[in-house]
Each structure stands twice: as C-alpha cells, then as structure tokens.
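Chemist: Just passing along the structure, written as structure tokens.
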Amino acid sequence: MKPKVVLTGQTWPIPYAKLQEHCDVRQWTGPGPIPREQLLEWLEDAEGLLSVGHSIKVDEELLSAAPKLRVIAQSGVGYDNIDVAACTKKGIPFGNTPGVLVEATADLTFGILLSAMRRIHEGWDLVRANQWREVMGTDLYGKTLGIYGMGDIGTAVAKRAKASGMQIIYHNRTRKQDDDQLGAKYVSFDGLLEEADCIVVLVPLSAQSKGMFGKQQFDRMKNTAYFVNASRGQVVQTDALYDALKQNKIAYAALDVTDPEPLPGDHPLLALPNILVTPHIGSATYETRNSMAMLAVDNLLAGLAEKPLPACVNSSVNYI
Ligand code: DGY
C-alpha cells in the first residue's frame, strides 16, 4: 500500500509523476488556496504533507489533526508559515527548497532594482499609451547598494550589482567570512540605512525582522534612496513605506512582496508614482519552479522512507 499524502496545490508534471508513483496523492486543485477545514480533514489519515508555496499554516492545531504525519515538505525557501519547533516536538522533519531558487530570485531582485532606477516599466507604459518620450532614470554605476540579509540570494544579487559597477555594503546578524572575496563591506544596520543609495531587503521573516522597516528607518535613509523588498511583505511597515514615498523621504520602491499580499487593486500604494510592484515572482521561472517541486518531492519521499531529507530545516529530527 502506498502512503497517503496531501498535496496543497498544482505542481509540475515530472515531480508529480514521481510523487504519484510512490504515494496515494490527494491534491487540492482550487479554486484558491485549500480551505483549512479541508486540509485538516484530509490530514486525518495522511503520512506526508507537500505544501506548494506558503499559503497554509502549519501549527500545533494542524499537527494534532494529523496523527499519522511523518514528514512535511514545502516548495519554497521561506518557512515563516511553518511552526518548525512544533514539528520538531512531534519528531516530524520539515524540508524546504534552498539553493535551487537562488539565481532566479537574484535575477528578479536585481531586475526590479534596475527597472526602478532606469524607469524601464514607466517607459514601456508610455510607449504602449502612444506617448513616446524619454523618461529619465538614475545611474547604477558608482552607486552604493546596501543588502540587508546577505545569504545565498544576497550574494548572488551582489555579484550582479558588481557587474554594473556598484559598491556593496551589507548587514547581517553575523559578518560573512568571505566578504573580502565578494568585495562587500560589512556595516551596522544604521550604517546601511544612512550610506546606501539603494537598499535591498532579503532577510527571512521572523519575530526579529517583522516590521523592521518603519518610519525611523525610512527617515534615516537618503531622500534619493531606492528601496527593494524581495523577502516577505511583513518585514516592512506598509503605512510607513507609503508615507516615506508620498513625502519623498525616499525616492522609489520596488516590491516583489507586500503586506497585505496580494495587494488589493485599490491599495493606496498603487496610486503612487514612485513605486513598482510585482506579484511575488522571485522564483517564478519554469526551470526553477520545476527544480523546487522536484526537491520538495525528494524531501517528502525521503521522509516517508525514513531516510535523510536532502534539505531539512530541523536537522535534529532528520533521519540520519
Ligand atoms: C520562497 O521560496 O520562499 C519564495 O518567496 C516563494 O514563496
């Protein structure tokens, strides 16, 4: 008998075929995210849970409703929707998909910074509206990029920025050993806010980073600063960002993530002239999403076979 698993959304043909070969799959196909009651009901006899994206909340209530659950895998690197400590307490390994999405997410992050500084999206809007004229931007060359959260994606963004002739400064909880090699200078958080011409936020959402960018932080930035968020919307206080943009305390924002998310079409942020918003597409390429789905399936199948998950967040309960 194949183990029963719950799949919370659409996945890709090859990873899906692999999952089906080994498991009895119950898949939510929409519309919208799987309702909580449905998820809890399906989990009553499931041994595995494969979460697509981060729309479900895994907490003690969900884990108690799933007495047979042996492994949870999520296709995504961020896991702010998962109570990892609760999974560990139940002895359930949780796997995510780091690594495979680094280059795609770095491209998108650097891409929205580039588009904001050179007004690429505004130029295209004008051409399409039959109002052909120049839109003036700002040089990237010679500017200082401040990266908050210099993990793998931050490092990949830094490489792209260096190729455009930017200086790199960064702030992390701990300094990176190899920052000399990367040509990136470690600075304090306040130093980052004050010195950077552009700030890119890539820090994971946690109790510490939630709401980290508010009025005080925007007040410290240059009034010519470009602000990019590609991590999680809740790292930024949306009202404070709105005020900073409206009052020209900073020059421009480019956001791939928002709070709330999705951002409603009539949200005041969208009426501002100095903002670019994309719909959380950092990892959204065919190749990358396929690799993420494959790694998530491999995590799930490893856990079901009581073998080490290739990418396990709570390694103390990984099968090693
Ligand atoms: C991630 O992998 O965490 C991305 O933000 C997509 O959810």
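The values are calculated or read from the model by the stated rules, or taken from the named source; none is laboratory data. The shown structure was predicted, so the numbers you read here are calculated from the model rather than taken from an experiment. Note: ideal-geometry Cβ built from the backbone for every residue, glycine included; neighbour counts use all protein chains shown.
Chemist: Give just the number: which of (1) more than 16 Å from the ligand (Cβ to nearest atom); (2) in a helix (DSSP H, G or I) does P15 not satisfy?
Modeler: Single failed check for P15: (1).
Chemist: Also: Working only within segment 141-150, note down all residues that are within 14 Å of K162 (Cα to Cα), in contact (Cβ under 8 Å) with a residue 40 or more places away in the chain and out of contact with any Leu (no Cβ under 7 Å at 6 or more places or on another chain). Don't jump to the end; show me each part of the working.
Modeler: So the first thing to find is which residues in segment 141-150 are within 14 Å of K162 (Cα to Cα), and the list is 141-147.
Filter once more, keeping what is in contact (Cβ under 8 Å) with a residue 40 or more places away in the chain: 143-147.
The answer is K143, T144, L145.
Chemist: Before we move on, is T238 in the same structural domain as A196 (by TED's automatic domain parsing) and away from the ligand (no atom under 16 Å from the Cβ)? First the steps, then the outcome.
Modeler: Working: in the same structural domain as A196 (by TED's automatic domain parsing): yes; away from the ligand (no atom under 16 Å from the Cβ): yes.
Yes; evaluated as a whole, the condition is true for this residue.
Chemist: Separate question: Please find, among G78, G9, the residue that is out of contact with any strand residue (DSSP E or B) (no Cβ under 7 Å at 6 or more places or on another chain) and surrounded by fewer than 21 Cβ atoms within 10 Å (Cβ to Cβ). Spell out the reasoning first.
Modeler: Working: G9 fails: out of contact with any strand residue (DSSP E or B) (no Cβ under 7 Å at 6 or more places or on another chain).
It is G78.
Chemist: Which residue pairs have Cβ atoms under 8 Å apart, sit 6 or more places apart or on different chains, and have a first residue in segment 266-294 that is under 12 Å from A253 (Cβ atoms) and in contact (Cβ under 8 Å) with a residue 12 or more places away in the chain and a second that is more than 16 Å from the ligand (Cβ to nearest atom) and in a loop (DSSP other than H, G, I, E, B)?
Modeler: N274/N248; N274/A251
Chemist: Which residues, counting only those in segment 43-65, are outside any loop (DSSP other than H, G, I, E, B) and either surrounded by fewer than 17 Cβ atoms within 10 Å (Cβ to Cβ) or within 12 Å of the ligand (Cβ to nearest atom) (or both)? Steps first, please.
Modeler: Going through segment 43-65, the residues outside any loop (DSSP other than H, G, I, E, B) turn out to be 43, 48-52, 58, 60-64.
S51, V52, E60, E61, S64 - these are the residues of segment 43-65 that are outside any loop (DSSP other than H, G, I, E, B) and either surrounded by fewer than 17 Cβ atoms within 10 Å (Cβ to Cβ) or within 12 Å of the ligand (Cβ to nearest atom) (or both).
Chemist: For V84, only one of the following conditions fails: (1) free of Cβ contacts under 8 Å to residues at least 60 places away in the same chain; (2) within 16 Å of the ligand (Cβ to nearest atom). What is its number?
Modeler: That leaves (1) as the condition not met.
Chemist: Also, quick follow-up: For segment 66-83, which residues satisfy the criterion of being outside any strand (DSSP E or B) and β-branched (V, I, T)? Explain how you work it out, then say what you get.
Modeler: Within segment 66-83, the first condition is being outside any strand (DSSP E or B), and the residues that meet it are 66-70, 76-81, 83.
Within segment 66-83, V77 is the sole residue that qualifies.
Chemist: In addition: Pick from segment 282-294 the residues that are near the ligand (Cβ under 9 Å from one of its atoms) and outside any helix (DSSP H, G or I): which of them is farthest from I14 (Cα to Cα)?
Modeler: G282
Chemist: Against the condition under 30 Å from A158 (Cα atoms), part of a helix (DSSP H, G or I) and of a type in the set (D, E), how does E134 come out, does it pass? Don't jump to the end; show me each part of the working.
Modeler: Working: under 30 Å from A158 (Cα atoms): yes; part of a helix (DSSP H, G or I): no; of a type in the set (D, E): yes.
Spelling it out, it is not the case that E134 is under 30 Å from A158 (Cα atoms), part of a helix (DSSP H, G or I) and of a type in the set (D, E).
Chemist: Moving to a separate point now. For segment 106-118, state whether one or more residues are assigned to a helix (DSSP H, G or I), surrounded by 22 or more Cβ atoms within 10 Å (Cβ to Cβ) and among the hydroxyl-bearing types (S, T, Y).
Modeler: Yes, there is a match, as at least one residue in segment 106-118 is assigned to a helix (DSSP H, G or I), surrounded by 22 or more Cβ atoms within 10 Å (Cβ to Cβ) and among the hydroxyl-bearing types (S, T, Y).
Chemist: Another one. Output yes when any residue across segment 23-32 is more than 24 Å from the chain's Cα centre (by Cα), among the acidic types (D, E) and not in a strand (DSSP E or B), and no when none is.
Modeler: Checked segment 23-32: no residue is more than 24 Å from the chain's Cα centre (by Cα), among the acidic types (D, E) and not in a strand (DSSP E or B).
Chemist: Scan segment 36-58 residue by residue and report those that are more than 19 Å from G91 (Cβ to Cβ) and among the small types (G, A, S).
Modeler: Selection gives G53, S55.
Chemist: Moving to a separate point now. Working carefully through the options L263, L245, L270, L276, find the one that is within 21 Å of L205 (Cα to Cα) and either more than 15 Å from the ligand (Cβ to nearest atom) or assigned to a loop (DSSP other than H, G, I, E, B) (or both). Give the derivation first.
Modeler: On the way: L245 fails: within 21 Å of L205 (Cα to Cα); L270 fails: within 21 Å of L205 (Cα to Cα); L276 fails: within 21 Å of L205 (Cα to Cα).
Result: L263 is the single residue among L263, L245, L270, L276 that is within 21 Å of L205 (Cα to Cα) and either more than 15 Å from the ligand (Cβ to nearest atom) or assigned to a loop (DSSP other than H, G, I, E, B) (or both).
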